[in-house]
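Asker: Got a structure for you, written out below as structure tokens; questions coming shortly.
The values are calculated or read from the model by the stated rules, or taken from the named source; none is laboratory data. These numbers were taken from a predicted model, which means no experiment stands behind them. Please note: Cβ atoms are built from the backbone with ideal geometry, for glycine as well, and neighbour counts cover all protein chains shown. Side chains are part of the model used for accessible areas, which takes the heavy atoms of the whole protein and leaves out ligands, DNA and RNA. Shrake-Rupley method; radii C 1.70, N 1.55, O 1.52, S 1.80 Å.
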Amino acid sequence: MKKILLIAGTRPNFIKLAPLYHRIRTDAPDINAFICHTGQHFDFNMSDIFWQNLELPSPDFQLNIKGIGVVDTIGKTLLGINEIICQNKFDLVVVFGDVNATVAGAIAGAQSRIPVMHVEAGLRSYDRDMPEEINRVITDHISDFLMISEPSGIKNLKKEGFPDSKVFMVGNIMIECLLRTKKYWDTIELSKELRFFIDSNPVVATFHRPENVDNPKTLQRMVDILLNFAADHLVVFPIHPRTKSALEKSHLLVRLQENAKILLTEPLSYFVFLKLVSHAALVITDSGGVQEETSFLNIPCVTFRRNTERPVTVELGTNLMMDINDQNFRSDITRHENDLKKRKRMSIPLWDEQVSHRIVLQIKKILSIS
Ligand code: UDP
């Protein structure tokens, strides 16, 4: 029996881990997959509800890392994972995405000379002001097997000198998760209030990137944008904990609370959020994964960031990049929506239900399992 360790720390990590975990259980009886939850996202709305929705078992290893900032979190997570790796003999470590748990897991595995696989490798924003970009670059360069989600990943890694033998185009595992759970999120019962908003095809907003919410000027601007949309749309805004605390500190939360056309919620469960997005007229965001989900669902999306590490969502999907200080944002967005209406829907290669199958095939090869 081969032993592999799957490491996850945040909401998007749980979503990427779930299809692979379930696929290993059904298709690879010779592999025992263990899960480590690093504790980066820990409360019910950001963690437990996802484990329920995604039918994941309790983690085999639960670290409760509470770091202050990126470096402290990576350092403590690295020590925690190292202890697990030293006490258990694993044949492969698998990390996902671009969070602190990703880079800590990759370093711990690589330093113990255990092969490391990075799922969602090769993405680049080329913006080192994003902590996630630094995590991506380090993780890729110390991983042995790079599982790519979109064509830009291949190009980026080629430019950085990676040999073809390490790089595998497998597709987007987050989209596999969306597809596999469609029967649940499509039919989920909603509260009366949320149903009322969904029936009106609202604007859905999610913001949590430090460059937007930790800066008082851009935070104010984000609130202005939400209020501007609320003049002629219903708006649903599930608030990330980081954003909520920034809005409270700057006394801006009350301005949103006072507006009856804006529904403020806690972070939503995966199923409720996907149902909401699938009924949205428009999504405004700074999330990574939401750019992909909206592209796949053919929902117009505007990403308030300087760049994206997921360019396929702009080229083939429904995503428009926008500077948060763009004064003509409403007319630019209307033009984008009109352009999308005229355009034929495009599909993105390998964003399907077989991503985890392709990854498991690679894992079997790596572990010499026929
Ligand atoms: N998501 C969710 N509930 C919410 C907001 C987002 O379930 O209230 C999901 C969303 O469907 C996507 C993931 O969380 O799959 C994106 O996570 P996030 O935006 O936190 O991280 P990023 O993708 O930017 O790393």
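Asker: State yes or no: is PHE168 more than 23 Å from MET130 (Cβ to Cβ), away from the ligand (no atom under 14 Å from the Cβ), open to solvent by less than 60 Å² (accessible area, probe 1.4 Å) and assigned to a strand (DSSP E or B)?
Answerer: Yes; evaluated as a whole, the condition is true for this residue.
Asker: Scan ILE107, ILE134, ILE154 and give me the residue that is in a helix (DSSP H, G or I), within 20 Å of LYS16 (Cβ to Cβ), under 19 Å from the mean Cα position of the chain (by Cα) and modelled with pLDDT of 95 or more.
Answerer: Checking each option against the conditions leaves just ILE134.
Asker: Also, I was wondering about something else. Which residue out of SER347, SER287 is within 26 Å of LEU227 (Cα to Cα), of a type outside the set (A, V, I, L, M, F, W, C) and not in a strand (DSSP E or B)?
Answerer: SER287
Asker: Something else now. So, VAL119, is that one in a strand (DSSP E or B) and open to solvent by less than 20 Å² (accessible area, probe 1.4 Å) or not?
Answerer: Taking the combined requirement at face value, the residue satisfies it.
Asker: Specify the residue that is farthest from the ligand (Cβ to nearest atom); the eligible residues are those in segment 290-337 that are among the charged types (D, E, K, R) and in a loop (DSSP other than H, G, I, E, B).
Answerer: ASP326
Asker: Can you tell me how many residues in segment 213-250 are within 16 Å of the ligand (Cβ to nearest atom), aromatic (Phe, Trp, Tyr) and part of a helix (DSSP H, G or I)?
Answerer: 0
Asker: Could you look through segment 300-321, keep only residues that are under 15 Å from the mean Cα position of the chain (by Cα) and hydroxyl-bearing (Ser, Thr, Tyr), and pick out the one that is most open to solvent (accessible area, probe 1.4 Å)?
Answerer: This residue is THR308.
Asker: Take the conditions within 27 Å of ASP43 (Cβ to Cβ), within 14 Å of the ligand (Cβ to nearest atom) and under 15 Å from the mean Cα position of the chain (by Cα) and apply them to SER269. Does it pass?
Answerer: Taking the combined requirement at face value, the residue satisfies it.
Asker: Report, ordered by the first and then the second residue, all pairs with beta carbons closer than 6 Å, sequence separation of six or more or different chains, a first member in segment 76-105 that is acidic (Asp, Glu), and a second member that is within 16 Å of the ligand (Cβ to nearest atom).
Answerer: Correct list of pairs: ASP98/GLU132; ASP98/ASN135; ASP98/ARG136.
Asker: Under 8 Å between Cβ atoms, at least 6 apart or on separate chains: pull out the pairs that start in segment 197-223 with a residue that is touching a residue at least 60 places away in the same chain (Cβ under 8 Å) and end on any residue that is aromatic (Phe, Trp, Tyr) and within 16 Å of the ligand (Cβ to nearest atom).
Answerer: VAL204/PHE237; ALA205/PHE237; THR206/PHE237; PHE207/PHE304; ASN212/PHE304; MET222/PHE207; MET222/PHE304
Asker: Considering every residue within segment 194-210, establish whether at least one is open to solvent by 30 Å² or more (accessible area, probe 1.4 Å), out of contact with any helix residue (DSSP H, G or I) (no Cβ under 7 Å at 6 or more places or on another chain), at pLDDT below 95 and assigned to a helix (DSSP H, G or I).
Answerer: Within segment 194-210 (the criterion being open to solvent by 30 Å² or more (accessible area, probe 1.4 Å), out of contact with any helix residue (DSSP H, G or I) (no Cβ under 7 Å at 6 or more places or on another chain), at pLDDT below 95 and assigned to a helix (DSSP H, G or I)), the answer is yes, since at least one residue qualifies.
Asker: Got a sec? Which of PRO29, PRO59 is more than 15 Å from the ligand (Cβ to nearest atom) and surrounded by fewer than 16 Cβ atoms within 10 Å (Cβ to Cβ)?
Answerer: PRO29
Asker: Can you tell me which of (1) surrounded by 14 or more Cβ atoms within 10 Å (Cβ to Cβ); (2) among the basic types (Lys, Arg); (3) assigned to a loop (DSSP other than H, G, I, E, B) is the one ARG128 doesn't meet?
Answerer: Among (1) surrounded by 14 or more Cβ atoms within 10 Å (Cβ to Cβ); (2) among the basic types (Lys, Arg); (3) assigned to a loop (DSSP other than H, G, I, E, B), ARG128 violates only (1).
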